[in-house]
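Report on the structure given below.
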Amino acid sequence: MTKTSGEAGTKRAKMAGRGVKVFYGEKRALHGIDVDIYQNEVLALIGPSGCGKSTFLRTLNRMNDTIDICRVEGKITLDGQDIYDPKLDVVQLRARVGMVFQKPNPFPKSIYDNIVYGPKLHGLATRKDEFDAIVEQSLKRAGLWTEVKDRLNEPGTGLSGGQQQRLCIARAVAVSPEVILMDEPCSALDPIATAHIEELIDELRANFTIVIVTHNMQQAARVSQRTAFFHLGDLVEVGATEEIFTNPRDERTQGYITGRYG
Amino acid sequence: MTEIAAPMTATHSFHTSVEAEKRLRARYAAEQRFKIYGILAIAVACLMLVVLLFTITREGMTAFWQTAIRLEVTIDPAKIDPKGTRNPADFDRAAFQDVIHEALYTRFPQAEGRIARKELRGLISPVAGVFLAKEVGDDAAMLGRTIQVWIPASDAINQIEKGRIDRNEEEANRPINDRQLAWFDQLKKDGDSGPIFNSTFFTSSDSNYPELAGLFGAVVGSVLTLIVTLSLALPIGIATAVYLEEFAPKNRLTDLIEVNINNLAAVPSIVFGLLGLAVFLQFFGLPRSSPLVGGMVIALMSLPTIIISARAALKAVPPSIREAALGMGASRLQTVAHHVLPLAMPGILTGTIIAMAHALGETAPLLMVGMNAFVTSAPSGFLDSASVLPVQVYIWADAPERGFVELTSAAIMVLLVFLVAMNGTAIWLRKKFERRW
């Protein structure tokens, strides 16, 4: 796996957060996050449980909107456009910023229908052969094509956990998003399935910008170019993954990656 | 604590001591006892059900057949067709009863005089002519012919034959006197009396005469009423549940609405009847006793049940499905319409069918909107006067004629068959469309 330097300035920021604060009712979950996410990189968000990394991830495609008591302050941009602008359509945003969840959650429909749901919704295709092409391409990108090409009409829920998660990735890829958010995508999977997905993430980087939350520091080290360390609602440190793991600037980062707490 | 302090060998650890064995036995005994309580409870419930079904069946089974008397009836043209047109439209329907009486007098020439003949007529149903008219009344070719027909016996004879009136009772205490009994026994001996299938019960509507009373009108009334109920309650109920569960903000107003819906589910049904009387009949002036008004009243009554069960079904759809759809860029409405609602549908339908079964058995509110009317023909539309099954049961249970006792039980049996069929459909639907994730 090649590691790019991930230095600011050399690459274009696809998404950026400035002073992002998130409140759940009275409780403040994030205390002002400043971070850039560069085009075609994998940014890993790490940190102990409850540090706000998943919360931050979900602000990036406004999935927090579904929680009534949740309130977001600060500014998050996608290609320079504020995504919390009231004029911006959240449906369109989520088509551009796709998401893969912690627990594989395919729709209780056929594999084929799982993939074509998004494209149908956003009008990416109209003819059957176009949908067929999208299904094949998406499943190939998610490394699932050879395993399921003969049973596209079987329910997606009948696949194994790892296959289901790759189906979810294929489903996200099918709408051609620009950014894919992954919320601990491997936490419910066995090591072999995890390895599969990690390889996949590295391949997807060529076409997408990826933000991944992970509890597994080895995983962060393996798949990401840059890593952000969250702690108690603060972004403690963000930088090249190699840097963070070998030479962290902050004491707390060091403590976490050496396993003193977690 | 002394046991713990004492030196323990491998065979006398804390968990294998005599006390531990005792605790183990006590636990097993408790589990056994609990199982027995459960089985006892089920047995009691089953016993009650069996007793209920048994008594109703025993009472009601006899209503499905009717004692009949075979007579040689001459269709006298002079009586039936007084105008002589040979057109069935001109037939004198009331004369069929006379024709039967004539046949009866011929059969028993020994009965002479006004009183004897009146007693003789007491053997057959006072509405026997209706049956004969139904059989031959539309066929001009029958005029002048002599045919053998089975005529329903009178209610008193019918009840004696079915053993509901004791024939050994003193003469003054039974509706049939000794002479009538002797005639009937003569008929029986000649093979001219026996049970026939009571098809009237399924094909006609209410009547003052038990041998002419049937459930058909009430069944049609119930079906029409339920159609109105379902077409009002299901869409409104689902829309309410979806909005409250998926879209409504959680604030004081929606809390209030939720509390009120739960309260409405517990409101006595007669109150809904009064509401229907005041609003639908008196304010809007809709037709009294009609399936439309009855259905509207029951729809109001079923709404809370449907809303509550629909909300429960929506809640049971895992949030991960919603997240998946929202994450794909589906709007909230699309998420609900494409994923959540289809997944909740079996649960919603189950709740709805159970609410409908409840509605089918509802009586009190319908009495308030006049559905206890005496309706002798099946309603032909939603605005016609109609009765429904449970109200028919109620009316018959109140009727003084002995014949209505068995009809009441038989009507209950029919009602139960409908209820079982509806609940069976609910179970079947749930099994068929239930999806696992």
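Condition test on B:VAL405, is it under 11 Å from the mean Cα position of the chain (by Cα) and away from every other protein chain (no Cβ under 14 Å)? Spelling it out, it is not the case that B:VAL405 is under 11 Å from the mean Cα position of the chain (by Cα) and away from every other protein chain (no Cβ under 14 Å). Just one of (1) part of a helix (DSSP H, G or I); (2) under 15 Å from B:LEU71 (Cβ atoms); (3) touching a residue at least 24 places away in the same chain (Cβ under 8 Å); (4) of a type outside the set (S, T, N, Q) fails for B:GLU135. It is (3).
To keep it simple, each residue is scored yes or no on (1) modelled with pLDDT of 90 or more; (2) under 30 Å from A:PRO191 (Cα atoms).
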position	(1), (2)
A:GLU73	yes, no
A:TYR84	yes, no
A:VAL97	yes, yes
A:ILE111	yes, yes
A:ALA125	no, no
A:LYS128	yes, no
A:ALA172	yes, yes
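Of the candidates A:ARG71, A:ARG96, the single residue that is open to solvent by 50 Å² or more (accessible area, probe 1.4 Å), under 24 Å from A:ASN40 (Cα atoms), out of contact with any helix residue (DSSP H, G or I) (no Cβ under 6 Å at 6 or more places or on another chain) and in contact (Cβ under 8 Å) with a residue 40 or more places away in the chain is A:ARG96. Residue count for the range B:155-195 satisfying the condition of being open to solvent by less than 40 Å² (accessible area, probe 1.4 Å) and either of a type in the set (Phe, Trp, Tyr) or not in a loop (DSSP other than H, G, I, E, B) (or both): 13. One residue alone among B:GLY144, B:GLY129 is in contact (Cβ under 8 Å) with a residue 24 or more places away in the chain, assigned to a loop (DSSP other than H, G, I, E, B) and more than 25 Å from B:VAL219 (Cβ to Cβ), and that residue is B:GLY144.
In summary, helices (runs of 4 or more DSSP H) completely within the range A:212-262 and bearing 1 or more residues that are open to solvent by 30 Å² or more (accessible area, probe 1.4 Å) and among the hydroxyl-bearing types (Ser, Thr, Tyr) occur at A:241-246.
Against the condition more than 10 Å from chain A (Cβ to nearest Cβ), surrounded by fewer than 19 Cβ atoms within 10 Å (Cβ to Cβ) and under 32 Å from the mean Cα position of the chain (by Cα), how does B:ALA344 come out, does it pass? Considered against the rule, which asks whether it is more than 10 Å from chain A (Cβ to nearest Cβ), surrounded by fewer than 19 Cβ atoms within 10 Å (Cβ to Cβ) and under 32 Å from the mean Cα position of the chain (by Cα), B:ALA344 comes out as no.
Does B:PHE284 satisfy being away from chain A (no Cβ under 14 Å) and aromatic (Phe, Trp, Tyr)? So B:PHE284 fits the description; yes. Restricting B:ALA312, B:ALA337, B:ALA324 to residues that are buried (at least 21 other Cβ atoms within 10 Å of the Cβ), without any contact (Cβ under 8 Å) to a residue 60 or more places away in the chain and either in a helix (DSSP H, G or I) or in contact with a Leu (Cβ under 8 Å, 6 or more places away or on another chain) (or both) narrows the list to B:ALA324. Entry remark, the range A:36-68: residues being among the β-branched types (Val, Ile, Thr), open to solvent by 10 Å² or more (accessible area, probe 1.4 Å) and either part of a loop (DSSP other than H, G, I, E, B) or within 18 Å of A:THR209 (Cα to Cα) (or both) number 1 in total. Of all residues in the range A:53-68, those being more than 10 Å from chain B (Cβ to nearest Cβ) and in contact (Cβ under 8 Å) with a residue 60 or more places away in the chain number 5. Exactly one residue out of A:LYS109, A:LYS149, A:LYS87 is touching a residue at least 24 places away in the same chain (Cβ under 8 Å) and open to solvent by 30 Å² or more (accessible area, probe 1.4 Å): that is A:LYS109.
One residue stands out in the range A:171-187 among those that are small (Gly, Ala, Ser) and open to solvent by 10 Å² or more (accessible area, probe 1.4 Å): the one that is nearest to the other protein chains (Cβ to nearest Cβ), namely A:SER176. Candidates B:ALA373, B:ALA410, B:ALA378: the one that is among the aliphatic types (A, V, I, L, M) and either free of Cβ contacts under 8 Å to residues at least 60 places away in the same chain or open to solvent by less than 10 Å² (accessible area, probe 1.4 Å) (or both) is B:ALA410. Looking at this structure, is B:LEU349 of a type in the set (A, V, I, L, M, F, W, C), open to solvent by 30 Å² or more (accessible area, probe 1.4 Å), in contact (Cβ under 8 Å) with a residue 12 or more places away in the chain and farther than 30 Å from B:ALA411 by Cβ? Criteria not met by B:LEU349. Residue-level analysis places A:GLY143 outside the set of residues that are within 22 Å of B:PRO319 (Cβ to Cβ) and surrounded by 15 or more Cβ atoms within 10 Å (Cβ to Cβ).
The values are calculated or read from the model by the stated rules, or taken from the named source; none is laboratory data. Bear in mind that the values here come from a model prediction, so they are computed numbers and not experimental data. Positions of Cβ are generated from backbone atoms using ideal geometry, with glycine treated the same way; all protein chains shown enter the neighbour counts. For the accessible areas, the whole protein counts, side chains as well, though only heavy atoms, and no ligand, DNA or RNA atoms are used. Shrake-Rupley method; radii C 1.70, N 1.55, O 1.52, S 1.80 Å.
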